[in-house]
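Visitor: Attaching a single structure in structure tokens format; questions to follow.
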Amino acid sequence: MDKKVFPTPAIEAKHRQGILGQHFDYFLTWMQKHGYSRCSIRFQIQCITHFGKYLKKRGINSIHQLEGAGGQKLLATYRKYYQAQRHWRRDSGLKLYIQALEETGILRSLPPKDSSLYPETKQYSNFLKNQKGLSDGSIHRHLYWTEKFLHFLGYQKDTSSLPSFGVADIDRFMEEAAVSLRRATIQGLSGSLRGFLRFLYQSGKLATDLSWLVAGPRCYKLESLPRVLSWGEVKRIIESVDRSSRTGPQHYAILVLLANYGLRAGEVAHLKLRDINWRKKSIRITPRKSGKDLYLPLTSQVAQAITDYLKRGRPASKYREFFLLSRAPFRPLTSQNIAYVVRRHLQMSGLELSGGGSHLIRHSFATHLMRKGVPLKYISDLLGHRSLASTHIYTKTATEHLREVALEVPEVR
């Protein structure tokens, strides 16, 4: 081992006892390989030792009893036990231990769970992907509402056929589902349900096409305004980052990327080291919707932020994604992590706004360009929009241009 984890051989020997202790050296090496600190390694091994004592009390003498459904049931029982004993996070090391042994093949891993609850949604998913050519994100949104509808009908996974339903059932589902939803969301719900009912009719599972009976609210293009910040407020969010802190270089680089290019959270999360071309001073972005690579100039502020993060913030890792978790096991950040960074510094900046995420900066970026007179087509390409119509909304946020063409109010006599 590179570093001594335990102060004395006697303490280390205590952790090597029991059925879990036989893989002590492998688990220790696995955690060191994934970048865990000595303090964290010590705590995780203490969790394993505590669980080993629990197994001994239960009369369990084989590590393979942690596999499968029986192992999951055993872990659930253990959680209730340590919570009753008022022990904190005793299962954290256990999860890592099982993950490590599954990776090496000592324990059999559970088969991946089927994300689709019903046979009809599996078939519908294949239809949307292969026939309609929808993206995974769009398919997921459609399946969310279709599975909600089937669950509402009382359909069970092991049922051989769809339960009978009619217009009254569809209306009741729409009424109950739409109680706390916005009009735009209700419109998406009705569209998903119409598509699913049409698929059931075309595939012969329904005798009548009920899709035309699903009514949704009318929504108009450009009827609402995106929330935007002034460019001074965007700078205020960026300046709220303490760049000398442990996570400061990472958070600063994320916010600078969002503000300089108006990126989506997923585009920042999926940015890879190879996407930055230092020689040509460019950065490659793959928009999450259009899928077409976009090459942007590497500005001096972005280059400095990226360099600072690489030197002081990014840990060594096998992953090629640019932004990683700041703690072991140093996995790539997700879109939710990027949104959290924005919300955190939105709060730290002192701006009194409820909610807000990466799209708040994206909207502000587009509006800032509009106010500077940048052509709409250029903004559309920069944002990765597939249609120019998606960019028209920002013509309503740059309201000061309207004052230039405002007519005088006639005198009323």
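Where a number appears in this text, it was derived from the coordinates with a stated rule and is not lab data. Note that the structure is a prediction, hence the values are computed from the model and not measured. Note that each Cβ is placed from the backbone with ideal geometry, even for glycine, and that neighbours are counted across all protein chains shown.
Visitor: Using 0.36 nm times the number of residues separating K318 and S109, minus their current alpha carbon distance, what extension gain do you get?
Guide: 73.0 nm
Visitor: Something else about it: Classify the stretch 250-324 from the C-alpha gyration tensor, please: rounded if a/c falls under 1.5, else prolate or oblate depending on whether a/b exceeds b/c.
Guide: Here the stretch 250-324 falls in the rounded category.
Visitor: Would you calculate the separation in nanometres between label points at K73 and Q131, each defined as 7 Å from the Cα along the Cα-to-beta-carbon direction?
Guide: 4.1
Visitor: Now a separate question. Could you tell me what a quarter of the Cα convex hull surface of the stretch 231-401 works out to, in nm² with one decimal place?
Guide: Average projection, Cα convex hull of the stretch 231-401: 10.2 nm².
Visitor: Related question: Go through 181-192, 257-268, 362-373 and give me the packing order, highest mean Cβ count within 10 Å leading.
Guide: 257-268, 362-373, 181-192
Visitor: Okay, moving on. Filter the chymotrypsin sites (Phe, Trp or Tyr not before Pro) in the stretch 1-101 down to the DSSP loop ones having no more than 13 other Cβ atoms within 10 Å, then list what survives.
Guide: Loop-located and lightly packed - W88.
Visitor: Between R284 and T299, what is the label-to-label distance in nm when each label sits 7 Å out along the Cα-to-Cβ direction?
Guide: 2.3
Visitor: Here's a follow-up. State the extension gain, in nm to one decimal, for the chain segment bounded by Q85 and R198, taking 0.36 nm per residue of separation less the distance between their alpha-carbons.
Guide: Length gained between Q85 and R198: 35.2 nm.
Visitor: To continue, here is another question. Ranked highest first by the average count of other Cβ atoms within 10 Å around their residues, in what order do 195-203, 100-108 fall?
Guide: Top to bottom by mean Cβ count within 10 Å: 195-203, 100-108.
Visitor: Another question about this same structure. Please report the spacing between the Cα centers of the stretch 187-220 and the stretch 4-78 in Å, no decimals.
Guide: Using only Cα atoms, the two centres lie 53 Å from each other.
Visitor: Determine the sum of side-chain charges near Y319: Lys and Arg each +1, Asp and Glu each -1, restricted to other residues whose C-beta is under 12 angstrom from that of Y319.
Guide: +4
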